[in-house]
Amino acid sequence: MSFPLKRFGSFRRSKKRNKEEQLSRRRQSEPPSISGTVPPGVINASGGVSSPPGTPTQSSSPLMFSLEAPSSSSSSAAERLEERRSRSLSSPPETGQHFSLSSSSSKPPLSTSTPTYSPLSPAPYMYSSASHLVYGVAAGMLEKLELSDEASEPDCDIYTRFMKSHQCYDLIPTSSKLVVFDTTLQVKKAFFALVANGVRAAPLWETKKQSFVGMLTITDFIIILHRYYKSPLVQIYELEEHKIETWRELYLQETFKPLVNISPDASIYDAVYSLIKNKIHRLPVIDPVTGNALYILTHKRILKFLQLFVCEMPKPAFMKLTLGELGIGTYSNIAFIHPDTPIIKALSIFVEKRVSALPVVDINGRVVDIYSKFDVINLAAEKTYNNLDVSVTQALQHRSQYFEGVMKCNRHETLETIVTRIVKAEVHRLVVVDSNSSIEGIVSLSDILQALVLTPAGGSNKEVSAD
């Protein structure tokens, strides 16, 4: 148990020397500024789709976020961020976040400049970033974990300390695509843009305030359909004609929901706490100095980041305990549907129960499929949202060719097995079943992060999550 802790100590002792060498090499090789190109296929102000553009300039392209390099007056901050960049995560991005793997642009350092968002167009903005791949990141990441060489602290909170010793900036991938909508964009076009760009959510930029004011997610699409759908013969006017700002005004009359965001300098522990406390699934990372949006954090990205380094850390004893012993997951009042359940009924359950997925159970009580919020956005992709009286089975036919089945587990499997399975499968939850495949419960990503990071070794103080 003491061996890996001494390794961490040796990393710390060599940290200063390595830092000086890395900074010296980077100062000689890095360009003075950062530029990016706008991916093709973006909806423009007139509602059309743009052709593949060349490299735009700041004055002519309202579709690009420009982040300037730090000035010489903030050299200490630049050095600190360059050191952090050298240890940034270089793993492939998560499925569904849709990253543009372009090697022509660089992952931006945090800037001291002012925001450069253009107020000229309500079209979705695109921000694309990439950086040189950094190898051997494990040593760099783990050297930040402040552990005593005498192993005086218990291993049960090793993941908590790991998360507290890393910043959200470390989670930003070397290549990513961020879609941002102006609030004057039509709701319908915004959802089509989500589908076209393969993302599940986008920050909302309000030109009048020159700031981000919220997020547009698939949940908004579900709420609009649930609230305004009447029948296949009646067009959903609110979806077809409303702008995002109009929808927000109507929606926020009932409940005001300010944008929950986090600074890139905040710890990953703070990000986990914010996600679970606020019962949200996406947390935008916004530079407090420039106002620039850098990335959108998710439970999946955080758990994947942790999984990359667990083999280098002491393994807590509770990782060998079972779900039943730890009490991780939800095992009462499980919301589910049947194969013949109409889509509109499923949407009602999503809204009323505040869940992100519904297991599909046959007449024998066996789990045969799962209908998630992400599946709902396919209604926009196929433009079939005008008929929500069709069954869930019909709605899921589009994925029959690549769907590998419902990811399941049982109460007798260890937490270590569960974490490995959910990360490898790149899913947001596992359905807990018995020997007959009958549903017993749900284990979500937030349940797992709660157990690993916020309340290590079990769920005695477990908070209820929206997953």
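None of the figures in this text is laboratory data; all of them are computed from the coordinates on show. All values derive from a computational prediction rather than experimental measurement. Note: ideal-geometry Cβ built from the backbone for every residue, glycine included; neighbour counts use all protein chains shown.
Structure data summary
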| quantity | calculated |
| --- | --- |
| In nm, spacing of pseudo-spin labels at Glu352 and Leu250 (7 Å Cα→C-beta vector) | 2.2 nm |
| Approximate spin-label separation Gln397-Lys320, in nm, with each point projected 7 Å along Cα-to-Cβ | 5.1 nm |
| Contour excess over end-to-end distance, with Cα ends at Lys230 and Lys279 and 0.36 nm allotted per residue | 14.7 nm |
| Under 5 Å, built H, 5+ apart or other chain: amide partners of Asp182 | Tyr125, Trp205 |
| His428, His338 arranged by Cβ crowding within 10 Å, fewest neighbours leading | His338, His428 |
| Cβ-defined net charge surrounding Asn197, 13 Å radius [Lys, Arg +1; Asp, Glu -1] | +3 |
| In order through the range 208-213: 3J(HN,Hα) via Karplus (6.51 cos²θ - 1.76 cosθ + 1.60), integer Hz, x for Gly, Pro | 4, 8, 6, 7, 7, 10 |
| Cut-off under 5 Å, modelled amide H: who pairs with Glu440 long-range | Val432, Val433, Asp434 |
| Charge tally in the Cβ shell below 10 Å around Thr393, where Lys, Arg are +1 and Asp, Glu are -1, Thr393 excluded | -2 |
| Length released on extending from Asn378 to Gln307, taking residue separation times 0.36 nm less the Cα-Cα span | 22.5 nm |
| Proxy reagent accessibility, fewest Cβ within 10 Å first, across Leu321, Leu194, Leu239, Leu452 | Leu321, Leu239, Leu194, Leu452 |
| Amide H partners (placed H, <5 Å) of Tyr371, local residues excluded | Leu358, Val360 |
| Given Lys243/Lys300; Lys164/Lys315; Lys257/Lys383, the pairs whose alpha carbons are separated by over 25 Å | Lys243/Lys300; Lys257/Lys383 |
| For the range 317-454, radius of gyration divided by Kirkwood radius, i.e. Rg to Rh on alpha-carbons | 0.99 |
| Exposure proxy ranking, count of Cβ atoms within 10 Å, fewest first, for Val443, Val187, Val367 | Val367, Val187, Val443 |
